[in-house]
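What follows is calculated from the coordinates using simple rules that are stated; it is not laboratory data. All of these numbers come straight from a predicted model, not from anything done at the bench. Quick reminder, even Gly has a Cβ in these numbers, built from the backbone with ideal geometry, and neighbours come from all protein chains shown.
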Amino acid sequence: LFQLLCCFKSRHYAQAWGLESNVDSSRTGLITALISKCDCCCTDVQTFIHFLNIVTHMTAGLYTVNIMKAANGSSDVVLKFPKYSIYEQLILLQLRVINLYYCLITDHRQQSACSFSRFSPLSPVRKALPVNTNSAASWEQRITAISTFAGIDIKMSRNTSFLQSSSLIHFADSLKGGYFNYM
């Protein structure tokens, strides 16, 4: 599927993948299955990236097919798009990836600031939140801060924590190590 995605745009294989069907479950079944696989049981980062790309392009193809049908139709009735839950699941998965990277960057920033202040007696006093010895608790604290968008009145209806995705939990330590080695 990923090789097809590299060669052809999603609007060209919409019919082959059943995206032009009028039956909602046949149009969205493969997308839902790939989102679930991506969220729950990917074993390596590259596979996760491939699945996420496939799902994103298939969803874009689904939108394209519906928009083209609506544009070609003579009636003023807008075609019904597939279940909202697919788009919600896709956006939620991408928000969890962003949350993972935000946590990695924040964790690295706090650790480097803490280690810098230990080595230099002339460094200014750090006024940020103290780094807890319990790494999971500090990640939870930062996740809560970003997930609730503190400071504005927007509250998320779903938890955007990467800790809600078993695939992302599996990748977190290796990505953290890779990021720290890079920095």
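Would you mind calculating the gained length between ASP44 and PHE180 on full extension (0.36 nm times residue separation, minus the Cα-Cα distance), in nm to one decimal?
Net length gain for the segment: 47.1 nm.
Just add up the charged neighbours of VAL45: K/R +1, D/E -1, any other residue whose Cβ is under 15 Å from the Cβ of VAL45.
0
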